[in-house]
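**Student:** Right, I'll just put the structure down here and ask away after.
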Amino acid sequence: MNVKKDFSETVGNTPLILLRSFSEETGCKIYGKAEFLNPGGSVKDRAALFIVEDAERSGRLKPGGTVVEGTAGNTGIGLTHICNSKGYKTLIIIPDTQSQEKIDLLRTLGAEVRTVPAVPYKDPNNYVKLSGRIAEESENAIWANQFDNLANREAHFRSTGPEIWEQTEGKIDAWITSLGTGGTYAGVSLFLKEKNSKIKTVVVDPFGSGIYNFVKKGEVLAEGSSFTEGIGNGRITENMKGAPMDDAIRVSDEECLHVVYQLLHKEGLFLGGSTGINVGGAVKLAKELGPGHTIVTVLCDSGARYQSRIFNRQWLESKGLKLPVGT
Ligand code: PMP
């Protein structure tokens, strides 16, 4: 029988979708890896699965144990699905700036959720550091530590990268994505470069993240801010160390919004803000490379996780933004 034995086996093997309107605009083929079709609804299901299975193999995660994590939401959602299916608990620390939809979903799935004020990484009460301390102080608990746990990028080196290589039959000129932990970017970049060192691997950053300046000027330096969630970083994580970065592109929130609404109205794809940054970056890269190139990026998660924000006129207006016209 062609069946899956449990939730874990349904993670990955997502389609690669031609983004027709963006491809026509640029004369390139721009493809989106449909990570929002993972069973937990985002690209982070893969990292969550590899982190949990790595902790099981090493013996750190014991029956009935708890997985503690600091997350913008999607890793927590992936972890909670996987932990539910394997008999573990989750304790999720999430900044209170993240969308209510993600916080509510985590609670519905059964995670214990603690919302905390959003403070910079250097503050000891930053959500990531706090989650590490809570894990250490809790009984029969482990810290998933997605930012610096290399099982995260391993997930993408072993699954996302090979899938993209096979789906494009190796005919890919460039890979571009934004990064939070950098697991997706680094794992896929390292895999593709191993297959063909001529493939360009490019970071796309929202404002408020320091990676663009790291690539351009050698210094992690953030400028401005962004409404996007789950992406951007003010440091080079363990997952990003050694990752090839041929170039960096920056996409504004206004550009991101335009892309998100074009994805919805012209491609039929209802997707979140990080996907807007990714596809916006792919379009800019396509214009730089010129017609005839094949570019792959990531469709990270569903727009339903941000319905009260980027799909809500009042929220947009409160941020000084308008619903894009002509999409
Ligand atoms: N998009 C969204 C919506 C996310 O939640 C995340 C992960 N925080 C990313 C993109 C980036 O993925 P990664 O952590 O692999 O860099």
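**Student:** Has region 101-118 got at least one residue that is within 15 Å of the ligand (Cβ to nearest atom), modelled with pLDDT of 95 or more and in contact with a Phe, Trp or Tyr (Cβ under 6 Å, 6 or more places away or on another chain)?
**Tutor:** For region 101-118, residues within 15 Å of the ligand (Cβ to nearest atom), modelled with pLDDT of 95 or more and in contact with a Phe, Trp or Tyr (Cβ under 6 Å, 6 or more places away or on another chain): absent.
**Student:** Among the listed residues G242, G224, G230, identify the single one that is assigned to a loop (DSSP other than H, G, I, E, B), crowded, with 24+ Cβ neighbours inside 10 Å and either within 13 Å of the ligand (Cβ to nearest atom) or modelled with pLDDT of 95 or more (or both). Full working, then the answer.
**Tutor:** Details: G242 fails: crowded, with 24+ Cβ neighbours inside 10 Å; G224 fails: crowded, with 24+ Cβ neighbours inside 10 Å.
Just one listed residue meets the conditions, G230.
**Student:** Condition first: assigned by the TED database to the domain that holds T168, buried (at least 18 other Cβ atoms within 10 Å of the Cβ), near the ligand (Cβ under 10 Å from one of its atoms) and part of a loop (DSSP other than H, G, I, E, B). Can you find one or more residues in region 296-305 that meet it?
**Tutor:** yes
**Student:** If you don't mind, another one. Within region 276-318, which residues are in contact with an Asp or Glu (Cβ under 8 Å, 6 or more places away or on another chain) and of a type in the set (K, R)?
**Tutor:** Passing the criteria: only R305.
**Student:** Mind listing whichever residues of region 64-78 are out of contact with any Leu (no Cβ under 9 Å at 6 or more places or on another chain) and away from the ligand (no atom under 11 Å from the Cβ)? So that I can check it myself, show each step before the final result.
**Tutor:** Quick first cut of region 64-78, residues out of contact with any Leu (no Cβ under 9 Å at 6 or more places or on another chain) only: 64-65, 72, 74-75.
Of everything in region 64-78, those that are out of contact with any Leu (no Cβ under 9 Å at 6 or more places or on another chain) and away from the ligand (no atom under 11 Å from the Cβ) turn out to be G64, G65.
**Student:** How about region 82-111: which of its residues are farther than 16 Å from A48 by Cβ and part of a strand (DSSP E or B)? Spell out the reasoning first.
**Tutor:** Step one: of region 82-111, the residues farther than 16 Å from A48 by Cβ are 95-101, 103-104, 107-108.
Hit for region 82-111 is P95, nothing else.
**Student:** Among the residues of region 56-66, is any assigned to a helix (DSSP H, G or I) and assigned by the TED database to the domain that holds S178?
**Tutor:** Looking for residues that are assigned to a helix (DSSP H, G or I) and assigned by the TED database to the domain that holds S178, one finds none in region 56-66, hence no.
**Student:** If you check S42 against the conditions, is it within 16 Å of the ligand (Cβ to nearest atom) and hydroxyl-bearing (S, T, Y)? Talk me through it step by step, then tell me what you get.
**Tutor:** Values: within 16 Å of the ligand (Cβ to nearest atom): yes; hydroxyl-bearing (S, T, Y): yes.
Taking the combined requirement at face value, the residue satisfies it.
**Student:** State whether the residues of region 264-279 include one that is surrounded by 21 or more Cβ atoms within 10 Å (Cβ to Cβ), over 16 Å from the mean Cα position of the chain (by Cα) and at pLDDT 95 or above. Working first, answer last.
**Tutor:** Taking region 264-279 and keeping what is surrounded by 21 or more Cβ atoms within 10 Å (Cβ to Cβ), we get 271-279.
Those left that are additionally over 16 Å from the mean Cα position of the chain (by Cα): none.
Taking every residue of region 264-279 in turn, none turns out to be surrounded by 21 or more Cβ atoms within 10 Å (Cβ to Cβ), over 16 Å from the mean Cα position of the chain (by Cα) and at pLDDT 95 or above.
**Student:** Only one of (1) at pLDDT 95 or above; (2) more than 11 Å from the ligand (Cβ to nearest atom) fails for Y121. Which number is that?
**Tutor:** For Y121, the failing item is (1).
**Student:** Right, another one. Starting from region 143-172, keep only residues that are under 18 Å from A55 (Cβ atoms), then list their pairs with residues that are part of a loop (DSSP other than H, G, I, E, B) and of a type in the set (S, T, Y) whose Cβ atoms are within a distance under 6 Å, requiring at least 6 positions of separation or different chains.
**Tutor:** The qualifying pairs are Q146/T181; F147/T181; F147/T237; D148/T237; N152/T181.
**Student:** State all residues of region 148-185 that are more than 15 Å from the ligand (Cβ to nearest atom) and outside any helix (DSSP H, G or I); if no residue qualifies, say none.
**Tutor:** Once the filter is applied, which keeps residues that are more than 15 Å from the ligand (Cβ to nearest atom) and outside any helix (DSSP H, G or I), region 148-185 yields T168, E169, G170, K171, I172, D173, A174.
The values are calculated or read from the model by the stated rules, or taken from the named source; none is laboratory data. Fair warning: this is a prediction, and the values are worked out from it, not measured in the lab. For neighbour counting, all protein chains shown are included, and Cβ atoms are generated from backbone atoms with ideal geometry for every residue, glycine included.
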